[in-house]
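Only one structure is covered here, and it is reproduced in the block below.
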Amino acid sequence: MKDKITKFTFIVLPFSIYFVFFLAPNLSIFLLGLNEWDIRPTFLNVSLAPLKRLFTDPRFYEAIIHNLMLVFNSVFIQLGIAFVIAYLLRKPIAKMLKTVFNTIYFLPVAISLVAIALLWKWMYQPSGLFNILLKSIGLGSFARPWLSSVTTIFPYFDTPFLALLIGINWTWFGMYVVLFSAGMREIPQKYFDAAKIDGLSELTKIRKIVLPSIKPLWFSFSILAISGSFKSFAFVWNTTMGGPGNSTSVAGTFLYRQAFRSLDMGYASTIGMVVAIIGFLMVIISLKRSGRLF
Amino acid sequence: MKERTNSYKYLIIIGILVTIALIIIGPIFFLILNTFKPTSEVLTAPFSLPSHFTLENYAQVWPYMKSAFLSSLKVTIGSVGMLLLFPPMVAYSLSFSDFRGKRIITLMSLFGIFAIPVAGILPIMLLLKNLNLINTHIGLILVYYGLYYPIGVFIIREYYNSISPSLWEAAEIDGLSFWGKYRKIFFPLAKPMLIALAILMTVYIWNEYTLALVLLNDSAKYTVPLMLSSLGGQYGAPWGMRLAGIGLSVIPMVIIVTFFSDELRRGMSFGTVQ
């Protein structure tokens, strides 16, 4: 009997706090998002009208396309560069040097995202470090006020967004270096020994040994990358606030602006609902493709 | 001939690694350098050495940052404390006992891993408003607990699931109760996991921005990320002060990362690389 009471406390108390303060609100977004309201929420007016409004709003597509670009950027560029670096770090280099490199690459991951965002905001000032750097390597013609002037490179992709991408990659790639390094450590050394005996070239070694072992990892990390790209708010908001105009808007900034600038919280919760669904779907798809869906 | 090509390749590899390291550490170095310059120079000549070394930025920003550090400390300790106390209890129960509704509880506990904080901020804000917990540190602590509870349960449950069931049987033979087994065996067993979890959660919660932004209105209650953001925002502080604020929050982290680099990296890769 005493055991029953213990079991009850062990589960009910921790779980209910979680339920009340996190799970229930997140689930209620589906009700909130399908009602029309602006400041006082209502659950009674369920209709598809808010969805229609959202899907005919060009700002929604702008934001989502930017999110998808971030996803593409993180899954291919961030993971790609991180993979190369993690691979290079496996070469025979002095252990001390490796620790130094690893620590340095990991630094941005541990520093507050807001601090980093403000750091980049400062570097992108017209007379800031970034432009100075460009001038010093002879690319001075590219110097510009990165966060306030808009030059379109291709549809939905302007110079402020490019600036954002650079900052984001700088920040996050170190985390993936750590993850890939941990994963590569699992590859049995004997494969490499056999390859050495067979006299395989570097490229073949990569293709036949490293890449196949890395594939499942790539999917796992992609899940991280995807959910991170859809969550992104802190970095974007503190550098550009989604601007200028909408050139760096993402789902998060769109939602925030609707809720707290236009004071249209009902619409904002519709955005939240759709983002939650999209993010959830993408994670499920990744899990399925990596074969880890339970 | 082989020796030469090897060291040539070696140099290129080191070159690449060093270049990337410089790219990473460069901005941080210049950030810190510029905190010692007067604001006028910070914007006009960020690259050069200070004309005169000054601590005025730090002096100006300190009152704000001190309040923010205290708030963050309070919230982080509160949340991480709850996260070290409760999720192991749940994981233990899920791994080692059966009861009605176990599947549902498991599913719901792990479901939260997929939740996207940005999407759910509004209902959470409305909830806290109704409970009069808006703009309080306690409210924020409870929300952070809810946010990271799923990951905690997941990681510890995986760990408990990997333990051989004979341990439980042996403890049963010794006549230990449910609570007894937890206290004497299974909680101590999870210590290494809990340490890694504690480090990870501390970093996440300390740096959390979005929820804190929505749930705290009073600048006296701001956590560190919020304070930095308000200093650096549209109507914020002069740049020298902003950089000093950033510097104050970055420097401790740099020190922690330098000394705990291995643990941090291990904690981060656990659960993803399995």
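No lab work stands behind these numbers, since they all come straight from the coordinates. On a predicted model such as this, the values are computed, not experimentally measured, just so you know. Cβ: placed from backbone, ideal geometry, glycine included. Neighbour counts: every protein chain shown.
A few comments on the model shown:
- Residues within segment A:100-127 that are assigned to a loop (DSSP other than H, G, I, E, B) and either more than 7 Å from chain B (Cβ to nearest Cβ) or closer than 19 Å to A:Pro145 by Cα (or both), tallied: 4
- Considered as a group, the residues in segment B:4-32 that are surrounded by 13 or more Cβ atoms within 10 Å (Cβ to Cβ) and of a type in the set (Gly, Ala, Ser) include one that is farthest from the other protein chains (Cβ to nearest Cβ), and that residue is B:Gly26.
- Looking only at residues in segment A:1-41 that are touching a residue at least 60 places away in the same chain (Cβ under 8 Å) and within 7 Å of chain B (Cβ to nearest Cβ), the one that is surrounded by the fewest Cβ atoms within 10 Å (Cβ to Cβ) is A:Pro41.
Here is a yes/no grid of residues against (1) of a type in the set (Val, Ile, Thr); (2) surrounded by fewer than 22 Cβ atoms within 10 Å (Cβ to Cβ); (3) touching a Pro at 6+ places or on another chain (Cβ under 6 Å):
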| residue | (1), (2), (3) |
| --- | --- |
| A:Ala94 | no, yes, no |
| A:Tyr105 | no, no, no |
| A:Ser112 | no, no, yes |
| A:Trp122 | no, no, no |
| A:Leu133 | no, yes, no |
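- Where helices (runs of 4 or more DSSP H) fall entirely within segment B:103-211, those with at least 1 residues that are over 16 Å from B:Pro88 (Cα atoms) and of a type in the set (A, V, I, L, M) are at B:117-130, B:137-161, B:165-173, B:191-207.
- Filter result (under 29 Å from A:Asn35 (Cα atoms), of a type in the set (Val, Ile, Thr) and under 21 Å from the mean Cα position of the chain (by Cα)) within segment B:98-157: B:Ile113, B:Ile116, B:Val118, B:Ile121, B:Ile124, B:Thr136, B:Val143
- Evaluation of A:Ala86 against (1) surrounded by fewer than 21 Cβ atoms within 10 Å (Cβ to Cβ); (2) more than 26 Å from A:Asp264 (Cβ to Cβ) (one fails), failing number: (1)
- Qualifying residue in segment B:156-163 (condition: surrounded by fewer than 21 Cβ atoms within 10 Å (Cβ to Cβ), farther than 30 Å from A:Ala24 by Cα and of a type outside the set (Phe, Trp, Tyr)): yes
- Boolean, A:Gly272 is within 8 Å of another protein chain (Cβ to nearest Cβ), assigned to a helix (DSSP H, G or I) and in contact (Cβ under 8 Å) with a residue 60 or more places away in the chain: yes
- B:Ala59 being part of a helix (DSSP H, G or I), among the hydrophobic types (A, V, I, L, M, F, W, C) and more than 12 Å from chain A (Cβ to nearest Cβ): yes
- Of B:Lys74, B:Lys37, all but one fail to be surrounded by 14 or more Cβ atoms within 10 Å (Cβ to Cβ) and either assigned to a helix (DSSP H, G or I) or acidic (Asp, Glu) (or both); the exception is B:Lys74.
- Residue match in segment A:69-81 (condition: more than 7 Å from every other protein chain (Cβ to nearest Cβ), crowded, with 16+ Cβ neighbours inside 10 Å and more than 26 Å from the chain's Cα centre (by Cα)): no
- A:Thr239, sole failed condition from (1) farther than 21 Å from B:Leu216 by Cα; (2) more than 9 Å from chain B (Cβ to nearest Cβ); (3) of a type in the set (Ser, Thr, Tyr): (1)
- For segment B:77-121, the set of residues classified as surrounded by fewer than 22 Cβ atoms within 10 Å (Cβ to Cβ) and among the β-branched types (Val, Ile, Thr) consists of B:Ile77, B:Ile104, B:Ile105, B:Thr106, B:Ile113, listed by residue number.
- Contact annotation: residue pairs with Cβ atoms under 9 Å, 6 or more positions apart or on different chains, pairing a residue in segment A:170-199 that is in a loop (DSSP other than H, G, I, E, B) with a partner that is among the aliphatic types (A, V, I, L, M), are A:Arg185/B:Val273; A:Glu186/A:Leu217; A:Glu186/B:Val273; A:Ile187/A:Ile209; A:Ile187/A:Val210; A:Ile187/A:Ile214.
- Residue check for A:Ile206: under 16 Å from the mean Cα position of the chain (by Cα), in a helix (DSSP H, G or I) and either over 30 Å from A:Ser149 (Cβ atoms) or touching a residue at least 40 places away in the same chain (Cβ under 8 Å) (or both): no
- Being surrounded by 21 or more Cβ atoms within 10 Å (Cβ to Cβ), more than 10 Å from chain A (Cβ to nearest Cβ) and more than 30 Å from A:Trp37 (Cα to Cα) is true of B:Ala68.
- Flag if B:Thr35 is within 14 Å of chain A (Cβ to nearest Cβ) and not aliphatic (A, V, I, L, M): yes
- Test: residue in segment A:215-227 that is under 24 Å from B:Leu226 (Cβ atoms) and at the interface with chain B (Cβ under 10 Å from one of its Cβ atoms): yes
- Filter pass, B:Val42 being out of contact with any strand residue (DSSP E or B) (no Cβ under 8 Å at 6 or more places or on another chain), more than 11 Å from every other protein chain (Cβ to nearest Cβ) and touching a residue at least 24 places away in the same chain (Cβ under 8 Å): no
- Some residue of segment A:249-262 being free of Cβ contacts under 8 Å to residues at least 24 places away in the same chain, surrounded by 15 or more Cβ atoms within 10 Å (Cβ to Cβ), touching a Ser or Thr at 6+ places or on another chain (Cβ under 7 Å) and of a type outside the set (Ser, Thr, Tyr): yes
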